[in-house]
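Taken together, the values in this text are just the output of simple stated rules run on the coordinates, not laboratory data. Bear in mind the structure is a predicted one, so any value in this text is a computation, not a measurement. No Cβ is skipped: glycine too gets one built from the backbone with ideal geometry, and neighbour counts run over all protein chains shown.
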Amino acid sequence: MEYILLTGGAGYIGSHTALELVNAGFNVISFDNYSNSSTEALNRVQQLTDKKIISIEGDIRDPEALRQLFTHYKVTAVVHFAGLKAVGESTQYPLHYYDNNVTGTVTLCQVMREFKIKKLVFSSSATVYGDAKQVPIPETTPRSATNPYGQSKLMIEHILEDLVAAEPDWAISLLRYFNPVGAHHSGRIGEDPNGIPNNLMPFISQVAVGKRDQLSVFGNNYPTPDGTGVRDYIHVVDLALGHVKALQYLNKNNGITAINLGTGVGYSVLDMVNAFSQVNKVAVPYQIVPRRPGDIATCYAQPDKAATLLGWRAEKTLEDMVRDSWHWQSTNPNGYN
Ligand code: NAD
Ligand code: UDP
């Protein structure tokens, strides 16, 4: 039997992608050290499908664990989600971030190479565009980073580009995600951040469910229609389906390609708050506070390359995003605990 390996498969995006991959007929193995997730996420995924999902606990920085896995299972491609993603934390613990994200990716690729596995989908981010001068943002936009997390993503992109330049039989997709939100429509899996959420949507959800008093809106004096920051929010199930398409693309195309996964539409913080409260009929009290250092005004994708190369476009609406976020949060007020 042939398998797709998902590093970080128990995480927010990994768990949703595991489900869409099995729905599309792939056999899936998750390899996760559970540093930012729980085993319960994949138990829930397993309840949503008849097909067996194999989950293995391990760290991508451990080459022996990866060798064991590739010896036991015939893996044909890797979808590489494993990584740390909190911007603020990355500025406090840069070495930990570079070790986990960059060293981890190098180790993973070295062991893949030993086993002649040369298909890789990498979780990159719109953060590699830094503060882009123009929106919508095409993949050709110059890249930069403003914090160690973003720098780690940018370094990995460069490392993978060098790898493909040296060994053109690799097939690699750099998927640059915009802002993933929402949850599976079943309400059984979703985003379960540790501690105080950094991201907007989980914060809104926790205010709505009564876990936090109010949302702090970081600045209302940006050069945007209502003064609050504008982002390209993408439903996590749309994002997951983008990975299915990327794997199919890698079966036919060698080389390395960067592809935006976004909707191409920007919504402001207040758009998100208003949609959430109107669709779900729940109050989301907020106050305006000063800007968060490092935030940019506006960021949304030029999404056409994904349509042309992968035959993929985001299909879910803002209403789907806020409804599914709330369904997950209201039926699992304490996440997976
Ligand atoms: P997540 O934290 O929910 O999932 C990441 C998973 O990787 C977790 O289950 C964690 O336990 C695991 N992991 C971390 N380090 C590991 C290691 N050394 N070995 C094995 N497993 C390890 O995050 P997510 O939101 O699902 O993000 C997945 C990927 O997408 C990350 O690489 C992230 O940087 C990237 N990304 C996320 C966003 C976002 O807003 N969620 C945006 C752009 C890019
Ligand atoms: N934001 C906010 N309050 C919060 C979290 C986020 O006002 O508690 C704003 C933030 O300033 C940005 C948008 O919401 O304009 C999206 O922030 P998030 O951290 O989710 O994503 P990113 O900044 O990484 O795009």
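Side notes on the structure shown:
- Projected area, mean over directions - segment 1-114, Cα convex hull, nm²: 6.8 nm²
- Rg to Rh quotient for the chain, alpha carbon positions, Kirkwood Rh: 0.95
- Above-threshold pairs, the threshold being 32 Å between Cα atoms, out of Lys85/Lys245; Lys245/Lys281; Lys281/Lys305; Lys133/Lys281; Lys51/Lys211: Lys245/Lys281; Lys281/Lys305; Lys133/Lys281; Lys51/Lys211
- Alpha-carbon centroids, segment 114-177 and segment 273-325: separation in whole Å: 23 Å
- Placing pseudo-labels 7 Å out from each Cα toward the beta carbon at Arg292 and Thr91 gives an inter-label distance of 1.1 nm.
- Charging the Cβ of each Asp and Glu at -1 and of each Lys and Arg at +1, and nothing else, the dipole of segment 96-222 about its Cα centre rounds to 260 debye.
- Normalised by residue count, segment 92-159 yields a Cα convex hull volume of 86 Å³ per residue.
- Distance from segment 1-49 to segment 227-243 (C-alpha centre basis), Å: 20 Å
- Under the span-like rule (Cα at least 18 Å along the axis, Kyte-Doolittle mean at least 1.0), DSSP H helices of the chain: 236-250
- In loop segments of segment 27-59 as defined by DSSP, the trypsin sites (Lys or Arg not before Pro) with at most 12 further C-beta atoms inside 10 Å of their C-beta are Lys52.
- Projecting the Cα atoms of Trp326, Ala166, Ile296 onto the charge dipole of the chain (Cβ charges, centred on the Cα centre) puts Trp326 farthest toward the positive pole.
- Dipole magnitude of segment 208-255 about its Cα centre (Cβ charges: Lys, Arg +1; Asp, Glu -1), debye to nearest 20: 220 debye
- Structure-based [θ]222 nm, the chain - -39500 (n - 2.57) summed over DSSP H runs of at least 4, per residue, nearest 500: -11500 deg cm²/dmol
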